[in-house]
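Notes follow the structure.
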Amino acid sequence: MDEQQRSTFLQSASRFPPPKGIKLYYGTAGFRTDASILQSTAFRIGILAALRSLKTGGAVIGLMITASHNKVSDNGVKVADPGGEMLTQDWEPFADSIANAPDPDSLIQLIDEFAKKEGIPLNGTKAAAILLGRDTRPSGESLVEAAKQGICSVNGAIAIDMGVVTTPQLHWMVRTRNKDLQASASELDYFDQVSTSFRCLIDLIPKTSYHGIGKLIVDCANGVGGEKLQVLKEKLSWLDVEIRNTGKQGILNEQVGADYVQKDKVAPQGFGGPDVGIRCASLDGDADRLVYFTIITKGNNQINLVDGDKILSLFALFIKDQLSILTDDTYEYQPRVGVVQTAYANGASTKYLKDLGLQVIFTPTGVKYLHEKAQEYDIGIYFEANGHGTILFSDHFLCWLEDRKSTEKCLEKKNAAKRLWAVSKLINQAVGDALSGLLLVEAILQHMGWSVDNWNELYHDLPSRQLKVKVADRTAIVTTNAETIVQKPPGIQEAITALTVKYPQGRCFVRPSGTEDVVRVYAEASTQEAADELASCVAKLVD
Ligand code: NG1
Ligand code: ZN
């Protein structure tokens, strides 16, 4: 690096000293911690994002400031790669080391060494572009400012601020700008694409089987999803949707949102007796997770949860149906369909998907792993039980589909091709997206003429329980086999297995969270009491 670049780094880095005595690391979904100690991280990851853009030949890179479903006082920093997917895992160690560099000199040394190793030009001869976005957290504005200063301290790099957006919108813009060379892919383009493809799916519903499916009420976690869903509602004025928890009154993620509803299995605030039986959905704070639910009875907040596994099952069923209209067993091209889950997937969902004849694969927690796996298929469908997931289509499959869509003579087959095409446009192929996912659920339910109860009856969840345990050092727990087996400390796995075998259909695992300072315990068994008991016994083991 030349003297001018070094002195720019020195000057700017000295304005963002790192917090003392705290080790930060790029976890399941980027850096995430109390917002008050993230300024230096946002600045430094701004630099990293610019280097990533230079390394990828000037591709647009995304930098999102969000802590998703965490409490409002937290925030986070994560990077989106050129395809809109999470930052390549190869760069995470570099992210960790620069976030923790104690002073500007050591930071510059790390950048210099890394740039040399990766062959990244730091002389300003190449351009780099970073799209910035943030959720509605009050701390977001100053963290975006810090990230901008990091980006602009790299020769040739520019920052483009997209303002308050959902996480998936930012990932979509990054992907679209790079992939379609649509240099200006904006939020408006996102809304246009999503609403047009949704309308297309609805128009393709055979008139004979069209049924109205009634009102949908959406809990927006008091986050960014509220204002964005409002835009979609205005574009799709005939869509019967009521939007609640938009953040005008309540607190972000506090007793609202997809994480709360899925983990605690209760209705969010703002929902109650009059909503019994109505189809409801919850987004999380940055609108990348989606779950559905119905309130069971007046007077309590008990719900029937329709989680990410069931969304996955609905999508998989629809895609399989459309594919079977398009191809039969004798057809020369058989698209490979893969379904990707994590150990948190309810065992009943895995059985349902396998019984459908689909290939089911498991990865560790975190969409970066699921996404990577799903990319290996012509159609890769992935979901975490918490409602984060999407569908990926290979370029090869989309070329084939485009051809079938235009050349097919049989109307039924042509329409199946058009439906799959519309799904590929509606679903956000960069990352799980609660808004586009919600529209796809709504379109499929309308297509099937299904109520939320019909959908929920696809299979019955095995009773399960999730607990969080605060421990002194969660990193002491090391797991293997897609996080289902504890390797360290010794003896724990044997004890978990000994407890689990006592319960019919028992399954249990523990792992350190990558986003919160806790160890998570998951247990499943044939009754709720058994699942609760197994989870609490295992929680005591790790405590
Ligand atoms: P951690 O905290 O590592 O369990 C949580 C979710 C992940 C993923 C990330 C990112 C569970 C059990 N874990 O990760 O699935 O969504 O947050 O938001 O829901
Ligand atoms: Zn989220």
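Wholly within region 355-449, which helices (runs of 4 or more DSSP H) include no fewer than the required count, namely at least 2 residues that are without any contact (Cβ under 8 Å) to a residue 40 or more places away in the chain?
Working: elements: 367-374, 395-407, 411-426, 434-448.
Because the criterion is at least 2 residues that are without any contact (Cβ under 8 Å) to a residue 40 or more places away in the chain, the helices (runs of 4 or more DSSP H) in region 355-449 that meet it are 367-374, 395-407, 411-426.
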Selected residue (only one of 450, 400 is touching a Pro at 6+ places or on another chain (Cβ under 8 Å) and not assigned by TED's automatic domain parsing to the domain that holds residue 519): 400
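Which residues, taken from region 244-260, are touching a residue at least 40 places away in the same chain (Cβ under 8 Å) and surrounded by fewer than 20 Cβ atoms within 10 Å (Cβ to Cβ)?
Initially, region 244-260 is screened for residues touching a residue at least 40 places away in the same chain (Cβ under 8 Å), giving 247, 251-254, 257-260.
Listed by number, the residues that qualify are 247, 251, 254.
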Among (1) under 20 Å from residue 163 (Cα atoms); (2) touching a residue at least 60 places away in the same chain (Cβ under 8 Å); (3) touching a strand residue (DSSP E or B) at 6+ places or on another chain (Cβ under 9 Å) - the single one residue 281 does not satisfy: (1)
Evaluation of residue 301 against (1) within 16 Å of ligand 1 (Cβ to nearest atom); (2) over 22 Å from the mean Cα position of the chain (by Cα) (one fails), failing number: (1)
Residues of region 450-481 classified as in contact with a Ser or Thr (Cβ under 6 Å, 6 or more places away or on another chain) and over 21 Å from residue 259 (Cα atoms), total: 1
Per-region count, region 332-354, residues away from ligand 1 (no atom under 16 Å from the Cβ), in contact (Cβ under 8 Å) with a residue 60 or more places away in the chain and surrounded by fewer than 21 Cβ atoms within 10 Å (Cβ to Cβ): 4
Residue pairs meeting the criteria (Cβ under 9 Å; at least 6 apart or on separate chains; first of a type in the set (Ser, Thr, Tyr), in region 499-513; second within 16 Å of ligand 2 (Cβ to nearest atom) and assigned to a loop (DSSP other than H, G, I, E, B)): 513/365
Residue check, residue 263 among the charged types (D, E, K, R), assigned to a loop (DSSP other than H, G, I, E, B), touching a strand residue (DSSP E or B) at 6+ places or on another chain (Cβ under 8 Å) and surrounded by fewer than 19 Cβ atoms within 10 Å (Cβ to Cβ): no
Residue that is farthest from ligand 2 (Cβ to nearest atom) [pool: residues in region 1-52 that are within 24 Å of the chain's Cα centre (by Cα) and among the small types (Gly, Ala, Ser)]: 50
Given (1) touching a Leu at 6+ places or on another chain (Cβ under 7 Å); (2) part of a helix (DSSP H, G or I), number of the condition residue 523 does not satisfy: (2)
For residue 513: the one exception among (1) more than 30 Å from residue 205 (Cα to Cα); (2) within 16 Å of ligand 2 (Cβ to nearest atom); (3) crowded, with 17+ Cβ neighbours inside 10 Å: (3)
Unmet criterion (only one of (1) surrounded by fewer than 19 Cβ atoms within 10 Å (Cβ to Cβ); (2) over 24 Å from the mean Cα position of the chain (by Cα); (3) assigned to a helix (DSSP H, G or I)) for residue 158: (3)
Residue count, region 65-104 (criterion: assigned to a helix (DSSP H, G or I), touching a residue at least 60 places away in the same chain (Cβ under 8 Å) and more than 17 Å from residue 42 (Cβ to Cβ)): 1
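To keep it simple, each residue is scored yes or no on (1) under 23 Å from residue 310 (Cα atoms); (2) modelled with pLDDT of 95 or more.
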{"position": "459", "(1), (2)": "yes, yes"}
{"position": "462", "(1), (2)": "yes, yes"}
{"position": "493", "(1), (2)": "no, yes"}
{"position": "506", "(1), (2)": "yes, yes"}
{"position": "511", "(1), (2)": "no, yes"}
{"position": "521", "(1), (2)": "yes, yes"}
{"position": "543", "(1), (2)": "no, no"}
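The values are calculated or read from the model by the stated rules, or taken from the named source; none is laboratory data. Here the structure is a predicted model, which is why all the values come from computation and not from measurement. Please note: Cβ atoms are built from the backbone with ideal geometry, for glycine as well, and neighbour counts cover all protein chains shown.
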